[in-house]
1. Amide H of MET197 versus every other amide H placed in the peptide plane: which residues, excluding those fewer than 5 positions away on the same chain, fall under 5 Å?
2. Calculate one ³J(HN,Hα) per residue across region 22-32 by plugging θ = phi - 60° into the Karplus curve 6.51 cos²θ - 1.76 cosθ + 1.60, and present them in order as whole Hz with x for glycine and proline.
3. At a threshold of 8 angstrom on Cα-Cα distance, excluding pairs fewer than six apart, so keeping six or more, what relative contact order does the chain reach in percent?
4. So how far apart, in nm, are the two label points at ASP183 and TYR345 if each is 7 Å from Cα heading toward Cβ?
5. Find how many whole Å separate the alpha carbon centroid of region 50-66 from the alpha carbon centroid of region 403-428.
6. So, R0 is 45 Å and r is the distance between the beta-carbons of LYS593 and HIS319; what FRET efficiency does that work out to, to 0.05?
7. For a test of the definition: using alpha carbon positions, the gyration tensor, and the 1.5 limit on a/c, classify region 535-604 as rounded, prolate or oblate.
8. Any idea how far the Cα center of region 504-524 sits from the one of region 159-205, in Å?
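Each reported figure results from applying straightforward, stated rules to the coordinates on display, with no laboratory input. Owing to the predicted nature of the structure, the values given are computational and were not obtained by experimental measurement. Cβ sites come from the backbone with ideal geometry, for glycine too, and all protein chains shown count toward neighbours.
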Amino acid sequence: MKRQHNMPFGAQRCGDGQTRFRLWGPTAKEVSLCLMEPSGEILLPMRLSDSGWYELCTNRARVGSHYKFQLGADQKVPDPASRFQPRDVHGPSEVIDPGSFKWQDSAWRGRPWEEAVIYELHVGTFTPEGTFAAAEQKLDYLAQLGVTAVELMPVADFPGTHNWGYDGVLPFAPDSQYGRPDDLKRLIQGAHARGLMVLLDVVYNHFGPEGNYLRAYAPQFFTDRHRTPWGEAINFDGADSRVVRDFFIHNALYWLTEYHFDGLRLDAVHAIIDESKPDILVEMAESIRSSVDENRRVHLVLENDDNAARYLRPAPDGHRLYKAQWNDDVHHALHVAVTGETDGYYADYSDDPVRRLAHCLAEGFDYQGQPSIFREGERRGEPSCELPSTAFVSFLQNHDQIGNRAFAERIVTLADERTVRAAMSILLLAPAPPLLFMGEEFGAETPFLFFCDFGPELAAAVTQGRRSEFARFERFSHPSVREQIPDPSAAETFHRSKLDWNSFASSRHQAWLKFYRELLNIRRDKIVPYLPVATGERAHFEMYERRAFSGSWYLDRKVKLSVLANLGQKEFTQWPNHNGTLIYSTDGFSIQKLDPWSVAWFLQA
């Protein structure tokens, strides 16, 4: 089976042996195709058509040909829609024939979202080799763990040898450090063979600071009417924005069709400012739904600091544009409860973290329009209580919540084992889909530091900026302390972030793995079968003092899922009667009492 997404950008192989090249360069006076052949470079003029499009069809380019676009007399740039960059972001693009890969997963239609247990990984640090092929060798392990979806941090081509992925500049090209396009396709096909979905993290709110040449010929991609924390905002709603919108819509369709990804996680959409109607998030979701095979299960997930619940609500025809959102509120509340930290955005949860956690479990967001202390009184969020629990992805760790710490400590180094087990007993069995960060399941202690590989001048600025970010924290008020924060540009920082699989065999790590497998088995067998009919409207929680609560979800008319949790330091005895069957409890639970940091789950018919 062959898969190819046809798009109006870049290099497209034609059925007659020719290759069509197309570039939108509205401010370019002249554009030529520069083919890099063994005998030297060949320049072929491209024809200018209406609205700034340059086009050329030629039989001089073959599969594997390297090329650039030449602007005017001398400036050469890579293809912004390049399918592959064999020599990084400043090098030539390569002509790829998507039809050369023979897919063997034609029967795969995905899995229902209610079954989602997500495993987030960074390809470069997940294995010692840091490649798609090496990640493929871990698929049996992930399937046996009990996860159902692998989520790849962004793989779009970034500058240098290592990067988190959020500095990508060529969004159609899998980074060559991880392998070739066919290597990524084999990873996805291998996952499908094991019943695993594969989701991709995509960045549509900005381009990275190095290797983006769009301004040289298409400055209409950017706007100074809006700002982002990371650079120029994308022009989704100004003059000439139609092509810009199509560029990103096609990118989403490209990953979902040509690579057969099962879904996308859209990074930080609160930084996408679009005042048009429909906005780009709505148009993109509707385009995907109308273009992708209706028999496939394709899942779109948001990261949105604004807690904009409207994107998660059903459309008039009953379908939700976006299946879920990463729920930072549940993480922040639980992190404060577990660690006692109240710096930065944790201040918003410091007053009553356990109540805020219970509120999230019952209604999705904690902040549904209330003023935020961290945001100096600005109101945040929209009502979410009518949404199903499956509209919220819960986690205690992810790349941000580890990597945005100065020293990237994992939760097992910040809190004792009993505390972490109690916290995960809540997240892994609550109806909301849980997310694990790579290595969490075996209690990995390796940090996931912030790392990048820019040119010298930009690298120095990033290092200084990274350390300056922490100056407002009392712990890092002195410059000498900030100097100890790992340098993002140092190769050592990247290598320290690789998972230590050699530690995997120790009894302590095996005990963690057994714990996660047990809970995920319970989730699969006892809870998931009832989730398709679960609704957030029938959830309820009740507090008992400040650190203990009960919660209930009516999963259908006959089954109720309940939790009792004591997240405090003292024993608690005043519990309501529970008539359901005990399906899991931590040590320290009995009918008469819950010890400190104990959790019990019940299923009642």
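1. Amide H neighbours of MET197: ALA149, VAL150.
2. Computed from phi, the couplings for region 22-32 are 9, 9, 8, x, x, 9, 7, 7, 7, 9, 10 Hz.
3. Computed over the chain, the figure is 11 percent.
4. For the pair ASP183/TYR345, the computed spacing is 3.3 nm.
5. 52 Å
6. Values: r = 46 Å, r/R0 = 1.03.
About 0.45, to the nearest 0.05.
7. Judged from the Cα gyration tensor, region 535-604 comes out prolate (a/c at least 1.5, a/b above b/c).
8. First find each Cα centre; the distance between them is then 28 Å.
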